[in-house]
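Novice: Just passing along the structure, written as structure tokens.
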Amino acid sequence: MQKRLVVIGGGASGFFCAVNARRLNPGLEVIIVEKTSKILSKVRISGGGRCNLTHQHSEIYLMSKKYPRGTNLVKKTFHNFFTTDTIEWFGSRGVAVKAESDGRMFPVTDSSETIIDCLVREMNMQGVKLWYNKDVRQITKEGPQWKLSFPDESLLADYVCIACGGFPKASSFGWLTALGHSIEPPVPSLFTFNMPGNAITSLMGVSVEAAQVKIAGTKLQETGPLLITHWGMSGPAVLRLSAWGARLLAEKEYRFTALVNWLPDTPEPVLREKVQGFRETNAAARVNGRNNLGLPQRLWEYLTQQAGASNSRWRPVGLGLMGLQD
Ligand SMILES: Cc1cc2nc3c(=O)[nH]c(=O)nc-3n(C[C@H](O)[C@H](O)[C@H](O)COP(=O)(O)OP(=O)(O)OC[C@H]3O[C@@H](n4cnc5c(N)ncnc54)[C@H](O)[C@@H]3O)c2cc1C
């Protein structure tokens, strides 16, 4: 008798599992059950609609280090299927990819629809069945099989793959804990910093190419582009910090002090020399005028204002402005 695999979830992982299970086991009946009326919704919005499909890294060790948690699990998984396999898998199905300067890889079409089309085409070609509006509420053992219960009916399966994505609340995983699985409490990751009432938000739109952001009292720090928004701070440096610090910041209930070094590539003696030189040649100029440090003008004005020197001229202010000794 034909065996049946039911894949729960019509997202990227469910599709990838289903089409490959059927390709490698043509005798298997494969059904994807999706609780909504839409499939691959997150793929559609991924990478700003372009889908950052994979990364150019071809070293498993280096790539696994980029993951904030679960390095060992990720490493094992990569030994089975790595970035190079992803490129080959999609390439052999007509999806050409290109790498950007930071190593991220996108379909050459710059459209996530290319990835969706490929997965749907593969599903049809492999004869994978797709059932919409099937919300699995419970899984129970029924003899040697599994019984999946939806609100209106049930389905028996010999094998079940759970590819339901994440939920913000641990309680949403109740149907899985009932099976005896343990669930790591979910916490937000990849978030921006919300800083209500902080004066820095007046600089919304200002960005710095490479700022260093530290969380006071922890070892967390990241360097990269930083963007000031109307609610606080965003950009790769902040997003990466939120991913690496997801659990710690949750423990702190998101109340922490972020320390920003706007010029992390300039060692203090060099900074001191630059300010001193500028001060000597611009003694009569206002401190909040132009700066010779490459900082955006609005940020510079803000920093001088915070230092209480916005209306001063260079000569009487000196190095104290930069927190340096005169
Ligand atoms: C804005 C944004 C941009 C992103 N950009 C990228 C990117 O560029 N590159 C990248 O690699 N990743 C990106 N990601 C992450 C990536 O989209 C996700 O990691 C990935 O799509 C998750 O796929 P999944 O199949 O595990 O889960 P999901 O996409 O969440 O799919 C799970 C599916 O299961 C269904 N489901 C849940 N419970 C049940 C149930 N009980 N019964 C039946 N069905 C159920 C859900 O309705 C859903 O359709 C981005 C994410 C977001 C939000």
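The values are calculated or read from the model by the stated rules, or taken from the named source; none is laboratory data. Keep in mind that what you see is a predicted model, and the values were worked out from it rather than measured. Please note: Cβ atoms are built from the backbone with ideal geometry, for glycine as well, and neighbour counts cover all protein chains shown. Remember, those area values only see protein heavy atoms, side chains included, never the ligands or the DNA or RNA. Shrake-Rupley method; radii C 1.70, N 1.55, O 1.52, S 1.80 Å.
Novice: Output the peptides 46-59, 96-109 sorted from most to least packed, where packing is the average of other Cβ atoms within 10 Å over each peptide's residues.
Specialist: 46-59, 96-109
Novice: Name the residue from N124, T140, S111 whose Cα lies farthest towards the positive end of the charge dipole of region 56-148, charges +1 on Cβ of Lys and Arg and -1 on Cβ of Asp and Glu.
Specialist: Final value for the positive-end residue is T140.
Novice: As an exercise, use a Förster radius of 35 Å and the Cβ-Cβ distance of N25 and E113 to find the FRET efficiency, rounded to the nearest 0.05.
Specialist: 0.75
Novice: Can you tell me which lysines have their Cα less than 22 Å from the Cα of K147? Leave out same-chain residues fewer than eight positions away.
Specialist: Answer for K147, where 22 Å is the Cα cut-off: K3, K35, K129, K134, listed by chain and number.
Novice: Rounded to the nearest 20 Debye, what is the dipole magnitude of region 4-177 about its Cα centre when Lys and Arg each give +1 and Asp and Glu each give -1 at the C-beta?
Specialist: I would put it at about 380 debye.
Novice: Taking only DSSP H segments of four or more residues, each worth -39500 (n - 2.57), what value at 222 nm results for the chain once the sum is divided by all its residues, to the nearest 500 deg cm²/dmol?
Specialist: -9000 deg cm²/dmol
Novice: Heads up, I need the accessible area for L130: 1.4 angstrom probe, whole protein in place, Å², nearest 10.
Specialist: Approximately 40 Å² for this residue.
Novice: Just name one of A12, T71, S58: the one whose Cα is farthest towards the positive end of the charge dipole of the chain (beta-carbon charges, Lys/Arg +1, Asp/Glu -1).
Specialist: T71
Novice: Let me ask something additional. Leaving out ligands, DNA and RNA, and with a 1.4 Å probe, what % of the accessible surface on the chain is carbon or sulfur?
Specialist: Carbon-and-sulfur percentage of accessible area, whole number: 53.
Novice: Please give the net charge around L119, taking every other residue with its beta carbon less than 15 angstrom from that of L119, where Lys and Arg add +1 and Asp and Glu add -1.
Specialist: +4
Novice: Grab the alpha carbons of the chain, take their convex hull, and tell me the volume per residue in Å³.
Specialist: 173
Novice: Let me ask something additional. Tell me, what is the per residue accessible area of the chain in Å², probe radius 1.4 Å?
Specialist: 56
Novice: Another question, if that's okay. Any idea what angle helix 12-24 forms with the longest principal axis of the chain, computed on alpha-carbon atoms, 0 to 90 degrees, nearest 10?
Specialist: Roughly 40 degrees, rounded to the nearest 10.
Novice: Could you compute the net charge surrounding I87? Neighbours are other residues with a C-beta less than 15 Å from the C-beta of I87; K and R count +1, D and E count -1.
Specialist: After counting each charged neighbour, the total is -1.
Novice: So how strong a dipole does the chain carry about its Cα centre when Lys and Arg Cβ are +1 and Asp and Glu Cβ are -1, to the nearest 20 debye?
Specialist: Using Cβ point charges on Lys, Arg, Asp and Glu, the chain gives about 260 debye.
Novice: While we're looking at this one, here's another question. Quick check of the Kirkwood formula: for region 79-159, what is the inverse mean of 1/r over all pairs of different Cα atoms, in Å?
Specialist: About 15.9 Å for region 79-159.
Novice: Related question: Listed highest first by mean packing, meaning other Cβ atoms within 10 Å per residue, what order do 142-151, 211-220 come in?
Specialist: 211-220, 142-151
Novice: Apply the Karplus parameterisation 6.51 cos²θ - 1.76 cosθ + 1.60, with θ equal to phi minus 60°, to every residue of region 289-300 and state each ³J(HN,Hα) to the nearest whole Hz, in sequence, with x for glycine and proline.
Specialist: Result, rounded to whole Hz: x, 5, 10, 9, 9, x, 7, x, 4, 5, 5, 4.
Novice: Now for a different question. Using modelled amide H (1.01 Å from N, peptide plane; none on Pro or chain starts), what sits under 5 Å from the amide H of I32, excluding residues fewer than 5 places away?
Specialist: Distant-sequence amide H within range of I32: V7, K129, L130, W131.
Novice: Restricting to Cα atoms and excluding each atom paired with itself, what does the Kirkwood estimate give for region 4-177 in Å?
Specialist: 17.5
Novice: Taking Cα pairs under 8 Å and at least six residues apart, what relative contact order does region 268-322 come out at, in percent?
Specialist: Result for region 268-322 is 42 percent.
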